[in-house]
Amino acid sequence: MQILAQFLLRLAFGLATGMGITSSRQVTSGFFRNHLYVTLGLATLAAMLLASLSTTAMWLAVAAAIFSYVGAAAWLYEARRLGKVMLWLVAACSLTAAVINPLVASTTQAIASIQLWSSFSVATSGLVLGLTMAAMLLGHWYLNAPGMELAPLRYLLAAAAVALLIQSLVVGSGLVAEISARPSVSIAWLLFVVLRWSFGICGVLALLWMAWRTLDIPNTQSATGILYVAVLGVFIGELTGLLLSAESLYPL
């Protein structure tokens, strides 16, 4: 339950952030309204999972769900400024809940730097998950509003690629530190690491580049199809990273 709650909170944070940085002038309000219901579902399920684990994190998840509902109502009535504020509140509550409910509890001052490292990895992981999913959802939204400009989708693709590169640095340095700290590693552990990096990082980066080039045609439907696979890649990659990190000292 701990891993699933982490995944849901990170995804809610990243998705809300992705919508928050998307231009409401170039993208119709229905995109924000409909997908705030997604963050509502993510935050609600996370709150249910956290009920027996962390009271503070649970209430933050509840707050994220409430802000999602209020935000959806704001976008329904074209209250764009309030809608944007709600998006950032959803992102803030989700991220805070994920950070204060870590996978590995650390209590000694000697590893305060590792705690900070792990907290930063929560944010980068959430951005990778949410920005990639936001790009896929926006690509799908072009079916409803084909006259929209491509600039917002390109912006999300670029943001997702930057987040993925930063995440690769964070977990790459964590991998080096973890291998140095371990006396030995098992074959199964190495296989998970290979899966995490081959499909979850390198593969997704290639897919984001393919989607970018597909927009040069332009063909938003094909780009969206590629992004569906990219979302599958980040889901597998980040879930694998969560499984590895749950048994490691460093974020992987």
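Bear in mind these aren't lab numbers, they're just calculated from the coordinates by the rules spelled out. Just so it is clear, the structure is predicted and the values come from calculations on it, not from any experiment. When we count neighbours, we look across all protein chains shown, and the Cβ atoms used for this are built from the backbone with ideal geometry, even at glycine.
Placing a label point 7 Å from the Cα of residue 228 along the Cα-to-Cβ line, the residues of the stretch 139-155 whose backbone N sits under 20 Å from it are 139-146, 153-154. The HN-Hα couplings worked out from phi for the stretch 135-143 by the Karplus form 6.51 cos²θ - 1.76 cosθ + 1.60 (θ = phi - 60°) are 5, 5, 5, 5, x, 5, 5, 5, 5 Hz, whole numbers, x standing for Gly and Pro. Rounded to the nearest 10 degrees, the angle from helix 151-181 to the longest Cα principal axis of the chain is 0 degrees. Projecting the Cα atoms of 76, 158, 211 onto the charge dipole of the chain, computed from C-beta unit charges around the Cα centre, puts 76 farthest toward the positive end. Cut-off 10 angstrom, C-alpha nodes, Gaussian network model of the chain. Which of 173, 29, 52 fluctuates the most? Most flexible of the set in this elastic network: 52. The residue 149 and residue 81 beta-carbon pair, evaluated with R₀ = 30 Å, returns a calculated FRET efficiency of approximately 0.90.
Checking (1) 18.2, 59; (2) 21.1, 65; (3) 16.8, 47 against Rg and Dmax of the Cα atoms in Å calculated from these atoms, the matching label is (1).
So how tilted is helix 220-246 from the main axis of the chain? Cα-based, degrees 0 to 90, rounded to 10. Computed tilt is about 20 degrees.
Here's how it looks for residue 252: its modeled amide H is under 5 Å from those of 245, which are all 5 or more places away or on a different chain.
With contacts taken as Cα pairs under 8 Å at a separation of at least 6 residues, the stretch 114-252 carries a relative contact order of 37 percent.
Percent relative contact order of the chain, based on C-alpha pairs within less than 8 angstrom and at least six residues apart?
Relative contact order comes out at 24 percent.
Other residues lying with their Cβ under 15 Å from the Cβ of residue 91 contribute a combined charge of +2, Lys and Arg counting +1, Asp and Glu -1.
To the nearest 20 debye, what charge dipole does the chain have about its Cα centre, counting +1 at the Cβ of each Lys and Arg and -1 at the Cβ of each Asp and Glu? Can you show the working numbers first?
Working: 10 positive and 6 negative charges, 71 e Å.
The dipole magnitude comes to about 340 debye.
Computed over the chain with a Gaussian network model linking Cα atoms closer than 10 Å, the most mobile of 42, 131, 53 is 53.
Can you tell me how much longer the chain between residue 48 and residue 209 gets when fully stretched, taken as 0.36 nm per residue apart minus their C-alpha distance, in nm with one decimal? All intermediate terms of the calculation are to be shown ahead of the outcome.
On the way: separation 161, 0.36 × 161 = 57.96 nm, distance 3.71 nm.
Separation in residues times 0.36 nm, less the Cα-Cα distance, equals 54.3 nm.
Against the chain, whose longest principal axis comes from its Cα atoms, helix 55-76 is set at around 10 degrees.
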